[in-house]
Amino acid sequence: MLAALDKRHEELIKRGQKSTCNSQTVAIRKEYGNLSPQEKTDYINAVLCLQGKAALTPTSLVPGARTRYDDFVATHINQTLTIHYTGNFLSWHRYYVWVYEQTLRNECGYTGYQPYWEWSKYVNAPQNSPLFDGSATSLSGNGAYIPGRNDTVLTAVTASGPVAPLYLTPGLGGGCISTGPFANLTVNLGPRGNPNAAPGPDGGLGYNPRCLKRDINPTTAQRFNNLTDILSLLTQNNDIYDFQMELQGIPGIGIGAHGGGHYTIGGDASDLFASPADPAFFVHHGQVDRMWTIWQNLDPEDRTYALAQTRTYLDLPPSANTTLDDPVELGYAGGEQKIIRELMSVVQGDFCYIYV
């Protein structure tokens with residue numbers, strides 16, 4: 001992998017093109033469970049640092065923003081309907097996670113890189129995984145168990161009209177988390193698109209302080225994030241449209257590995273708009289980006305710059321097709337405005353990272 005990166009670097013230099021990404025400069029993103037205890041602690045402390053800094057987002061724009069971490073949540077809420085089931089879904093979230101990683105490094109002294117969550121590794125008992133076991137080096141544990149809950153009913157409307165609802169059984173929690181580093185985390189924004197919670201004030205952008213909730217769900221993980229389905233996602237979809245639709249979930253048929261990850265965590269992470277309120281969002285989307293990176297590398301010539309879909313959620317309302325020259329911006333979360341073309345490879349432009 002590193003030898004191939006150096007070869008590519010040398011070829012670009014020979015052609016007179018700028019390239020600073022090689023085996024000596026590349027960032028290594030690791031699976032969370034493979035981090036050392038100290039690496040996990042360093043990552044957690046950087047996230048806590050971000051949650052302790054003042055927001056950059058003016059309260060005139062987002063009344064509920066209180067922390068630097070809220071800047072990221074607010075940006076996701078504001079852009080949700082133009083960054084999901086759209087042509088920029090993958091590139092926008094790639095940039096979003098990278099800017100988050102850089103913010104942890106530049107503003108909170110973090111010296112590592114963004115870890116990812118390999119869903120299938122813990123599919124049978126995610127609540128016992130290094131991510132969610134509630135230990136001091138986890139991303140905190142499950143929420144308190146709330147019995148007697150009904151299935152979550154997921155509805156959707158496509159350009160062709162409503163589709164059949166999907167039903168997800170309740171998980172093993174449902175209430176506030178009480179263990180691990182984020183047990184005292186206050187969520188300020190949302191809900192906005194959580195099927196199990198009433199919307200918060202000002203369309204989810206108002207000040208709505210509350211505990212972080214989770215509902216870890218092994219049944220959902222086994223249904224949508226198992227190894228067989230992940231391998232199928234990577235090997236049975238030659239077209240970018242098919243790949244990203246299977247990843248996100250075809251309405252009326254399934255929620256895909258992307259939706260499966262969100263609903264495996266449950267609680268605030270299952271809110272379409274405000275899901276970054278749970279710090280687990282970023283390890284989940286590290287894995288989403290990893291899946292796309294692997295898929296691209298299976299046929300880099302045809303897949304690196306492959307695009308499909310339009311600029312609005314399921315093309316509602318109808319919109320133009322996404323292009324490589326469409327802009328991507330993250331508001332007060334940070335980062336310069338980019339065009340999609342600049343975000344399509346993890347070893348070009350500002351990006352220089354790989355997954356191991």
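The values are calculated or read from the model by the stated rules, or taken from the named source; none is laboratory data. Being a predicted model, the structure only gives us computed values, none of them experimental. All Cβ positions, glycine included, derive from the backbone under ideal geometry; neighbour counts span all protein chains shown.
When T235 is tested against the conditions (1) within 28 Å of G134 (Cβ to Cβ); (2) surrounded by fewer than 17 Cβ atoms within 10 Å (Cβ to Cβ); (3) not charged (D, E, K, R), the lone failure is (1). Output yes when any residue across segment 102-116 is of a type in the set (K, R) and part of a helix (DSSP H, G or I), and no when none is. Yes, the conditions are met somewhere in segment 102-116. Looking at segment 52-72, is at least one residue hydrophobic (A, V, I, L, M, F, W, C), assigned to a helix (DSSP H, G or I) and under 21 Å from the mean Cα position of the chain (by Cα)? Yes: one or more hits. In segment 180-197, of all residues being over 25 Å from S60 (Cβ atoms) and small (G, A, S), the one that is modelled with the lowest pLDDT corresponds to A197.
Whenever a residue of segment 156-175 is under 12 Å from N196 (Cα atoms), its partners that are hydrophobic (A, V, I, L, M, F, W, C), lying with C-beta atoms within less than 7 angstrom and at least six residues away or across chains, give the pairs L168/L154; G174/I146; G175/A144; G175/I146.
For segment 295-349, what are the residues that are surrounded by 15 or more Cβ atoms within 10 Å (Cβ to Cβ) and acidic (D, E)? Scanning segment 295-349 gives D315, D326, E342. Across segment 195-216, the number of residues qualifying as in contact with a Lys or Arg (Cβ under 9 Å, 6 or more places away or on another chain) and not small (G, A, S) comes to 6.
The set of residues from segment 131-155 being among the hydrophobic types (A, V, I, L, M, F, W, C) and surrounded by fewer than 17 Cβ atoms within 10 Å (Cβ to Cβ) comprises A136, A144, I146, V153. Listed residues F273, F281; which is assigned to a loop (DSSP other than H, G, I, E, B) and of a type in the set (F, W, Y)? Of F273, F281, the one residue that is assigned to a loop (DSSP other than H, G, I, E, B) and of a type in the set (F, W, Y) is F273. Scanning for something within 26 Å of G180 (Cα to Cα), at pLDDT 95 or above, of a type in the set (K, R) and surrounded by 21 or more Cβ atoms within 10 Å (Cβ to Cβ), does segment 66-80 turn up at least one residue? Among the residues of segment 66-80, at least one is within 26 Å of G180 (Cα to Cα), at pLDDT 95 or above, of a type in the set (K, R) and surrounded by 21 or more Cβ atoms within 10 Å (Cβ to Cβ), which makes the answer yes. For segment 90-104, the criterion of being surrounded by 15 or more Cβ atoms within 10 Å (Cβ to Cβ) and over 21 Å from V346 (Cα atoms) is met by none of the residues. So, of the residues in segment 289-344 that are part of a helix (DSSP H, G or I) and among the acidic types (D, E), which turns out to be nearest to the chain's Cα centre (by Cα)? Filtering segment 289-344 for residues that are part of a helix (DSSP H, G or I) and among the acidic types (D, E), the one nearest to the chain's Cα centre (by Cα) comes out as D289.
Restricted to helices (runs of 4 or more DSSP H) entirely inside segment 152-249, those with at least 3 residues that are over 16 Å from A269 (Cβ atoms), of a type in the set (A, V, I, L, M) and within 19 Å of the chain's Cα centre (by Cα) are 227-235, 240-248.
Where residues in segment 218-232 are free of Cβ contacts under 8 Å to residues at least 60 places away in the same chain and under 22 Å from H84 (Cβ atoms), which of them is surrounded by the most Cβ atoms within 10 Å (Cβ to Cβ)? Restricting to residues being free of Cβ contacts under 8 Å to residues at least 60 places away in the same chain and under 22 Å from H84 (Cβ atoms), the top hit is T220.
Within segment 20-51, the set of residues being touching a residue at least 40 places away in the same chain (Cβ under 8 Å), surrounded by fewer than 19 Cβ atoms within 10 Å (Cβ to Cβ), over 22 Å from the mean Cα position of the chain (by Cα) and in a loop (DSSP other than H, G, I, E, B) comprises T20, T25. When G173, G200 are screened for being surrounded by 23 or more Cβ atoms within 10 Å (Cβ to Cβ), under 27 Å from R68 (Cβ atoms) and in contact with a Gly (Cβ under 7 Å, 6 or more places away or on another chain), only G200 passes.
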